[in-house]
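A short write-up of the structure that comes next.
The values are calculated or read from the model by the stated rules, or taken from the named source; none is laboratory data. Nothing here was measured: the structure is a model prediction, and the numbers come from that model. Using ideal geometry, Cβ is built from the backbone for each residue, glycine included, and neighbour counts are taken over all protein chains shown. Heads up: the accessible areas ignore ligands, DNA and RNA and are worked out on the full protein's heavy atoms, side chains in. Shrake-Rupley method; radii C 1.70, N 1.55, O 1.52, S 1.80 Å.
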Amino acid sequence: ALAAHPSPLNRAEARRALGLPAEGLVAGWVGRVSREKGIDVFIDALSSLQDRVIQAAILGEGPERATEAARAQSIAPSRFIWLGAVPEASRYFAAFDLFVMSSRTEGLPMVMLEAMAAGTPIVATNVGGIPDLISPKEAVLVAAEDPGALADAMRAVIDDREAASARARAAQLRQKTEFDVGPWSARYE
């Protein structure tokens with residue numbers, strides 16, 4: 001049997017645990033802070049959303065962190081909250097109003113399945129294995145290396161909560177039916 005995971009926290013608990021503001025919009029970004037994960041594209045996209053008050057919570061460590069944190073601070077002071085490596089990051093997804101994956105290249109990202117399972121609205125780049133896990137019915141997919149498209153996708157999620165929730169529910173259902181431990185191992189067998 002698989003080891004039991006600590007259960008996910010609700011929005012208020014997750015925000016408290018991560019030290020995020022109780023109110024207000026937060027975009028979550030989870031992964032290795034590296035060029036292939038497109039952290040720079042995410043920073044440019046979020047910084048360009050001047051007409052929307054949205055903060056970013058970045059969970060992860062990596063070679064680009066110092067450079068990109070300094071750059072983010074210079075272009076959008078205090079909008080980016082750098083949380084470093086957070087164990088069991090999937091427990092905290094309820095803290096996010098949307099989950100953003102800005103990768104330039106990607107395999108089959110576990111973190112995407114975790115976001116789907118959490119029912120968090122997803123914006124992701126259409127690269128590598130991502131389109132195998134999630135479709136435009138379940139997320140907003142954009143081209144890689146395009147901060148403008150990423151910003152527009154984030155704005156669409158924020159501005160049409162109903163559509164975003166419907167996609168998130170569809171993603172949650174797809175994760176459960178296609179990629180949960182049962183179906184996943186059955187297919188693997």
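Amide hydrogen proximity for residue 128: with H placed 1.01 Å from N in the peptide plane, the residues at 5 or more positions away or on another chain lying under 5 Å are 106. Around residue 147, with a cut-off of 15 angstrom between Cβ atoms, what is the net charge of the other residues, counting Lys and Arg +1 and Asp and Glu -1? Charge balance near residue 147 sits at +1. So how much accessible area does residue 97 have, in Å² to the nearest 10, using a 1.4 Å probe? My reading of the accessible area for residue 97 is about 30 Å². Note: the chain, Cα convex hull, 113 Å³ per residue. From the helices alone, meaning DSSP H stretches of at least four residues, give me the mean residue ellipticity at 222 nm for the chain, per-run term -39500 (n - 2.57), in deg cm²/dmol to the nearest 500. Taking each H run of at least 4 residues, the total per residue is -12500 deg cm²/dmol. In this Cβ point-charge picture (+1 for Lys and Arg, -1 for Asp and Glu), segment 1-103 has a dipole of about 140 debye about its Cα centre. Taking 0.36 nm per residue of separation and subtracting the Cα-Cα distance, full extension of the segment from residue 85 to residue 7 would add 26.2 nm.
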